[in-house]
Amino acid sequence: MTILEALKKIKHLDRKIVKTSERISKWCSYIDTDGALYNAEDVRKMIQSVNDLIAERNFIRSRIHTTNILTPVTFRDRTMTIDELIILATLTIPASIDVQKLLRRKEKLYQHPKEAKVILQYDPTERDKEIDQLEDMLDEANALLDKINITTNLVD
């Protein structure tokens, strides 16, 4: 099973867990007006079903995590694990972009005398180039992650 197939399976299991949980909530206590639809044994079976689905989902997640930690990939001439690439794409690069975006003019000239001079502590052109480079790197990382999710089989 590839990582992508496992992620789809987890999504499917999540839907089944929600649906069965809603049925448990609905039928664990109700007012009987025309004959019981579910009895206590049915509710216990639904609870067991949800517990089994949760266990299966957790097992698949565990295999994904193991695969992400053990599988090396090459990104921009650097070898790292899938897990490190995920952290780079979801945390490191976006945080660096956010820092670069802090570099912008904030002063309000109408509060200062006309002879006041604006001093920029950064080069807007360099900031924009840095943001573009980081966004390109993020696009590359996401493209590689998409490819990895489609082609990498889970580690047992």
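Matching residues to (1) modelled with pLDDT of 95 or more; (2) exposed (fewer than 13 other Cβ atoms within 10 Å of the Cβ); (3) at positive phi; (4) hydroxyl-bearing (Ser, Thr, Tyr):
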position	(1), (2), (3), (4)
ILE31	no, yes, no, no
ASN39	no, yes, no, no
ILE97	yes, no, no, no
ASP132	yes, yes, no, no
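Could you tell me which residue of the stretch 65-82 is nearest to ALA141 (Cα to Cα), considering only residues that are loosely packed, with under 14 Cβ neighbours inside 10 Å and hydroxyl-bearing (Ser, Thr, Tyr)?
THR74
State yes or no: is LEU4 of a type in the set (A, V, I, L, M, F, W, C), within 30 Å of GLU135 (Cα to Cα) and not assigned by TED's automatic domain parsing to the domain that holds THR152? Don't jump to the end; show me each part of the working.
Working: of a type in the set (A, V, I, L, M, F, W, C): yes; within 30 Å of GLU135 (Cα to Cα): yes; not assigned by TED's automatic domain parsing to the domain that holds THR152: yes.
Spelling it out, LEU4 is indeed of a type in the set (A, V, I, L, M, F, W, C), within 30 Å of GLU135 (Cα to Cα) and not assigned by TED's automatic domain parsing to the domain that holds THR152.
When residues of the stretch 49-60 are filtered for being surrounded by 14 or more Cβ atoms within 10 Å (Cβ to Cβ) and under 18 Å from the mean Cα position of the chain (by Cα), how many remain?
2
When you scan the stretch 30-38, do you find a residue that is over 18 Å from the mean Cα position of the chain (by Cα) and in contact (Cβ under 8 Å) with a residue 24 or more places away in the chain, even just one?
There is no residue in the stretch 30-38 that is over 18 Å from the mean Cα position of the chain (by Cα) and in contact (Cβ under 8 Å) with a residue 24 or more places away in the chain.
Could you please find all residues in the stretch 134-143 being surrounded by fewer than 18 Cβ atoms within 10 Å (Cβ to Cβ), in contact with a helix residue (DSSP H, G or I) (Cβ under 8 Å, 6 or more places away or on another chain) and closer than 19 Å to LEU4 by Cα?
From the stretch 134-143, those surrounded by fewer than 18 Cβ atoms within 10 Å (Cβ to Cβ) are 135-136, 139-140, 142-143; that's our starting set.
From the residues that got through so far, the ones that are in contact with a helix residue (DSSP H, G or I) (Cβ under 8 Å, 6 or more places away or on another chain) too are 135, 142.
Of everything in the stretch 134-143, just one residue is surrounded by fewer than 18 Cβ atoms within 10 Å (Cβ to Cβ), in contact with a helix residue (DSSP H, G or I) (Cβ under 8 Å, 6 or more places away or on another chain) and closer than 19 Å to LEU4 by Cα, namely ASN142.
This table checks each residue for (1) of a type outside the set (A, V, I, L, M); (2) under 25 Å from ILE10 (Cβ atoms); (3) in the same structural domain as LEU7 (by TED's automatic domain parsing); (4) part of a helix (DSSP H, G or I).
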site	(1), (2), (3), (4)
MET80	no, yes, no, no
LEU88	no, yes, no, yes
LEU103	no, no, no, no
TYR122	yes, no, no, no
ASP132	yes, no, no, yes
MET137	no, no, no, yes
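The values are calculated or read from the model by the stated rules, or taken from the named source; none is laboratory data. In this text, all values refer to a predicted model and were calculated from it rather than measured experimentally. Because the Cβ atoms are built from the backbone with ideal geometry, glycine has one as well, and the counts that use them run over all protein chains shown.
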